[in-house]
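A.B. asks: I have a structure here, written as structure tokens, and I will follow up with some questions on it.
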Amino acid sequence: MTGRDVTAAFAAALVDEWARSGVTDAVIAPGSRSAPLSLALARDGRLRVFVVVDERSAAFRALGLGLATGRPAVLVCTSGTAAANFHPAVVEAAYARVPLLVCTADRPPELRDTGAGQAIDQTRLYGDAPRWFCDPGAPVDEPGSGPTWRALACRAFAEAMGPPAGPVHLNLPFREPLLPTGEPYTDAPGRADGQPWTRSTVGTRAPRPADVARVAELVRAHPRGLLVAGWGALVTPATGARFAAAAGWPVLADPVSQLRCGDSAVSTYESLLRAPGFADAHRPDLVVRVGAALTSKVATAWLDPEVAQVSVDPDDAWLDPRHAAGERVAVDAEALLGAVAAALGAPPAGTREWFDDWLRLERDARAAIDAVLDAPREPCEGQVARDVAAALPPGSTLVVASSVPVRALEWCMAPREGLRILANRGANGIDGFVSTVIGVAHGGRGPTVGLSGDLSFLHDANGLNGEHRLPDGASATLVVLDNDGGGIFSYLPPSELAEFEELFATPQHLDLVDVARAHGANAERIDDARKLVEVLASPAPSSTGVRVFVVPLDRHASVARHREIWDAVAAVVRDRG
């Protein structure tokens, strides 16, 4: 024994460096082997600490915090299968570029592969998903330990922030005693000025003049063009609008791109592209793409390799599932579009007719869609998605689940300002959604609403467990589209199979209001779409905890209503000639 507490000192040094670097939140899944780090986080006082019993829910809570704030949350668990339960959120963070500091406690080397309890091989447990993996070994008291520990914490933070942002995995073996011994800490002081041991400054990928000139030249030469924006576009609405105005191009924006707003936005493209003749008549000569592909398979198939396309991504990612991009520009999209807009000045000749035609069709198709959705019948997915997006006050955040909800929003949401829309679109899974929403709510300052399907809600009902004291001005609400099963499959070929209900729809026949209440949430069933709009327009204060509104839907009726929408828009296109 050295007479000094090396384990507690190591954990305290990590936490101190993360607080100095700007980390504000930690999520702990309780356990014994992780006690040194859990206690250091709880006793430091500078980080908010959330304790979540279910490891998968804890991981998605931390993911939601990172999604909302752009800063990594510290995620802690004990050794063994607890660490394996983090894997889905680590994968989502990797593909969605969300910063996350994953700290898995481990047995020391002498207890691995010996039959010791809760000892599994945690080396690179998450494969290639983390931006960085490090197992520093059990902390030891030796000269130079302090700077080594502090540099480790700073590098972990920097690697999580990127670019590209993503998860970092620190596998931390701890020897007993796991609780503070009362002995003095091993000497590991931080910098006297309160700054991190190592501050990392990352430059942006600013476009070169040649990049701006090349894209501006292409835009001038192709008046029949489109700006297409998917998740991860990283372009502000103001810059998107300036580019669209200077290019004379419409904007096809997935709601999760943050660019479905303003006078250039076309929100009805999914229905328009299903109308006979429209796709061929409105095929663009050039597309500038920011972010990932659109959620719509119809739109993505339409933008095939025969359409000239420029893909812009600052992280040099290949977000191109159709292998359609003829050019890739690895620069900051915000800076590039702004510079190109300035270089263009006025729209190139020949764009007015193209632009006006798209916007006239958008107006008429929007009216046709709304007429179908507003008919006095039972609610459908698209109606609820449209109404939720329209009803939320400015400054709200809408978190939308994968499967039907994100598609219903893309199909039916009208352009609007002042709403941030988030989703787990990295890996597109339904898991961890409730916890993601609650994490986003804790990371924000305004109303947060999650739009979920029933299976996505049930998949993470554990995320409701515990007391949720949200920041002042924040609230968390879940709107659950209860179509009693996997509604997305009703739009797909498996719906024709005899085994459809058993193998694909998988109805659970549960009362979701009772499920939510059993997990401590305030829940009620809402059958009237107008009442849903009323309650969402006046969000509850944070003191009410998490609210759950269950909206019963009929899967078959919803599919029929959406087909009515497509027929109505096809009639608009046909009447326009």
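A.B. asks: From the list Ala216, Ala233, Ala244, which residue is small (Gly, Ala, Ser), in contact (Cβ under 8 Å) with a residue 12 or more places away in the chain and part of a loop (DSSP other than H, G, I, E, B)? Step through it out loud before you land on a result.
C.D. replies: Numbers: Ala216 fails: part of a loop (DSSP other than H, G, I, E, B); Ala244 fails: part of a loop (DSSP other than H, G, I, E, B).
Just one listed residue meets the conditions, Ala233.
For every residue, the table says whether it meets (1) farther than 18 Å from Val340 by Cα; (2) at pLDDT below 95; (3) in contact with a His (Cβ under 9 Å, 6 or more places away or on another chain).
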{"site": "Val235", "(1), (2), (3)": "no, no, no"}
{"site": "Gly240", "(1), (2), (3)": "no, no, no"}
{"site": "Phe243", "(1), (2), (3)": "no, no, no"}
{"site": "Leu252", "(1), (2), (3)": "yes, no, no"}
{"site": "Arg260", "(1), (2), (3)": "yes, no, no"}
{"site": "Val266", "(1), (2), (3)": "yes, no, no"}
{"site": "Leu272", "(1), (2), (3)": "yes, no, yes"}
{"site": "Val310", "(1), (2), (3)": "no, no, no"}
{"site": "Ala317", "(1), (2), (3)": "yes, yes, no"}
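A.B. asks: Only residues in the stretch 314-332 that are at positive phi count as the first member; pair them with residues that are surrounded by 14 or more Cβ atoms within 10 Å (Cβ to Cβ), Cβ under 7 angstrom, at least 6 apart or cross-chain, and list the lot.
C.D. replies: Final answer for the pair search is Asp316/Ala330.
A.B. asks: Considering each of Arg150, Arg155 in turn, give the residue that is crowded, with 17+ Cβ neighbours inside 10 Å, of a type in the set (D, E, K, R) and over 26 Å from Pro314 (Cα atoms). Please lay out each step first, then the result.
C.D. replies: Values: Arg155 fails: over 26 Å from Pro314 (Cα atoms).
Every option except Arg150 fails the conditions.
A.B. asks: Then there is this: Could you tell me whether the stretch 482-503 includes any residue that is under 23 Å from the mean Cα position of the chain (by Cα), in a strand (DSSP E or B) and of a type outside the set (Ser, Thr, Tyr)?
C.D. replies: Checking the stretch 482-503: at least one residue is under 23 Å from the mean Cα position of the chain (by Cα), in a strand (DSSP E or B) and of a type outside the set (Ser, Thr, Tyr).
A.B. asks: Still on this structure: If Ala560 satisfies all but one of (1) outside any helix (DSSP H, G or I); (2) free of Cβ contacts under 8 Å to residues at least 60 places away in the same chain, what's the number of the condition it fails?
C.D. replies: (1)
A.B. asks: Do we have Asp514 as assigned to a loop (DSSP other than H, G, I, E, B) and farther than 29 Å from Asp364 by Cα here?
C.D. replies: Details: assigned to a loop (DSSP other than H, G, I, E, B): no; farther than 29 Å from Asp364 by Cα: yes.
Taking the combined requirement at face value, the residue does not satisfy it.
A.B. asks: Here are some residues: Ala119, Ala84, Ala138, Ala93. Which one is buried (at least 24 other Cβ atoms within 10 Å of the Cβ) and either under 17 Å from the mean Cα position of the chain (by Cα) or assigned by TED's automatic domain parsing to the domain that holds Asp25 (or both)? First the steps, then the outcome.
C.D. replies: Working: Ala119 fails: buried (at least 24 other Cβ atoms within 10 Å of the Cβ); Ala84 fails: buried (at least 24 other Cβ atoms within 10 Å of the Cβ); Ala138 fails: buried (at least 24 other Cβ atoms within 10 Å of the Cβ).
Being buried (at least 24 other Cβ atoms within 10 Å of the Cβ) and either under 17 Å from the mean Cα position of the chain (by Cα) or assigned by TED's automatic domain parsing to the domain that holds Asp25 (or both) holds for just one of Ala119, Ala84, Ala138, Ala93, which is Ala93.
A.B. asks: Pull up the stretch 376-409, narrow it to residues that are surrounded by fewer than 24 Cβ atoms within 10 Å (Cβ to Cβ) and among the acidic types (Asp, Glu), then point me to the one that is farthest from the chain's Cα centre (by Cα).
C.D. replies: Per the criteria, the residue is Glu378.
A.B. asks: Let me ask something else about it. Restricting to the stretch 299-312, give me the number of residues that are touching a helix residue (DSSP H, G or I) at 6+ places or on another chain (Cβ under 7 Å) and either in a loop (DSSP other than H, G, I, E, B) or closer than 24 Å to Thr236 by Cα (or both).
C.D. replies: Initial filter on the stretch 299-312 (touching a helix residue (DSSP H, G or I) at 6+ places or on another chain (Cβ under 7 Å)): 299, 302, 310, 312.
This time we only want the ones that are either in a loop (DSSP other than H, G, I, E, B) or closer than 24 Å to Thr236 by Cα (or both), so: 299, 310, 312.
The number of residues fulfilling the criteria is 3.
A.B. asks: Quick one: how many residues across the stretch 517-528 are surrounded by 15 or more Cβ atoms within 10 Å (Cβ to Cβ), in a helix (DSSP H, G or I) and among the small types (Gly, Ala, Ser)?
C.D. replies: Summing the residues that are surrounded by 15 or more Cβ atoms within 10 Å (Cβ to Cβ), in a helix (DSSP H, G or I) and among the small types (Gly, Ala, Ser) in the stretch 517-528 gives 0.
A.B. asks: Mind telling me which of the residues Arg112, Arg61, Arg124, Arg71 ends up being surrounded by fewer than 22 Cβ atoms within 10 Å (Cβ to Cβ), within 15 Å of the chain's Cα centre (by Cα) and not hydroxyl-bearing (Ser, Thr, Tyr)? Talk me through it step by step, then tell me what you get.
C.D. replies: Details: Arg112 fails: within 15 Å of the chain's Cα centre (by Cα); Arg61 fails: surrounded by fewer than 22 Cβ atoms within 10 Å (Cβ to Cβ); Arg124 fails: within 15 Å of the chain's Cα centre (by Cα).
Every option except Arg71 fails the conditions.
A.B. asks: Something else about it: Between a first residue in the stretch 81-93 that is modelled with pLDDT under 95 and a second residue that is in a loop (DSSP other than H, G, I, E, B), which pairs have beta carbons less than 6 Å apart while being 6 or more apart in sequence or on different chains?
C.D. replies: Between residues of the stretch 81-93 that are modelled with pLDDT under 95 and residues that are in a loop (DSSP other than H, G, I, E, B), there is no close pair.
A.B. asks: Let me ask something else. Determine whether the stretch 272-289 contains at least one residue that is touching a residue at least 60 places away in the same chain (Cβ under 8 Å), assigned to a helix (DSSP H, G or I), within 25 Å of the chain's Cα centre (by Cα) and within 16 Å of Ala414 (Cα to Cα). Step through it out loud before you land on a result.
C.D. replies: Kept after step one, since they are touching a residue at least 60 places away in the same chain (Cβ under 8 Å), are these residues of the stretch 272-289: 272, 274-278, 282, 284-289.
Cutting the leftovers down to assigned to a helix (DSSP H, G or I) gives us 272, 274, 278.
So of that shortlist, the ones also within 25 Å of the chain's Cα centre (by Cα) come out as none.
No.
A.B. asks: Could you look through the stretch 373-408, keep only residues that are assigned to a helix (DSSP H, G or I) and in contact with a His (Cβ under 9 Å, 6 or more places away or on another chain), and pick out the one that is farthest from Asp431 (Cα to Cα)?
C.D. replies: Let us first name the residues in the stretch 373-408 that are assigned to a helix (DSSP H, G or I), namely 373, 381-391, 404-408.
Keeping just the survivors that are in contact with a His (Cβ under 9 Å, 6 or more places away or on another chain) gives 381-382, 408.
Numbers: Glu381: 20, Gly382: 22, Ala408: 19 Å.
Per the stated criteria, the residue is Gly382.
A.B. asks: Just to be sure I understand, how many residues within the stretch 423-444 are part of a loop (DSSP other than H, G, I, E, B) and of a type in the set (S, T, N, Q)?
C.D. replies: Kept after step one, since they are part of a loop (DSSP other than H, G, I, E, B), are these residues of the stretch 423-444: 424-432, 444.
Checking the rest, the ones that are also of a type in the set (S, T, N, Q) come to 424, 428.
Number satisfying all stated conditions: 2.
A.B. asks: Hey, any hits in the stretch 489-512 for a residue that's β-branched (Val, Ile, Thr), out of contact with any Lys or Arg (no Cβ under 9 Å at 6 or more places or on another chain) and closer than 21 Å to Val388 by Cβ?
C.D. replies: First, the residues of the stretch 489-512 that are β-branched (Val, Ile, Thr): 506.
With out of contact with any Lys or Arg (no Cβ under 9 Å at 6 or more places or on another chain) added as a condition, the list becomes 506.
Of the ones still in play, those that are also closer than 21 Å to Val388 by Cβ are none.
Looking for residues that are β-branched (Val, Ile, Thr), out of contact with any Lys or Arg (no Cβ under 9 Å at 6 or more places or on another chain) and closer than 21 Å to Val388 by Cβ, one finds none in the stretch 489-512, hence no.
A.B. asks: Among Val533, Val546, Val480, which is the only one that is modelled with pLDDT of 95 or more and surrounded by 14 or more Cβ atoms within 10 Å (Cβ to Cβ)? Show your work before the answer.
C.D. replies: Numbers: Val533 fails: modelled with pLDDT of 95 or more; Val546 fails: modelled with pLDDT of 95 or more.
Result: Val480 is the single residue among Val533, Val546, Val480 that is modelled with pLDDT of 95 or more and surrounded by 14 or more Cβ atoms within 10 Å (Cβ to Cβ).
A.B. asks: Please state which one of Val27, Val102, Val91, Val74 is over 24 Å from Ala188 (Cβ atoms), in contact with a Phe, Trp or Tyr (Cβ under 9 Å, 6 or more places away or on another chain) and assigned to a strand (DSSP E or B).
C.D. replies: On the way: Val102 fails: over 24 Å from Ala188 (Cβ atoms); Val91 fails: assigned to a strand (DSSP E or B); Val74 fails: over 24 Å from Ala188 (Cβ atoms).
So the residue among Val27, Val102, Val91, Val74 that is over 24 Å from Ala188 (Cβ atoms), in contact with a Phe, Trp or Tyr (Cβ under 9 Å, 6 or more places away or on another chain) and assigned to a strand (DSSP E or B) is Val27.
The values are calculated or read from the model by the stated rules, or taken from the named source; none is laboratory data. Quick caveat, the model's predicted, so the values are computed rather than measured. Methodologically, a virtual Cβ is constructed for each residue, glycine included, from the backbone with ideal geometry; neighbour enumeration extends over all protein chains shown.
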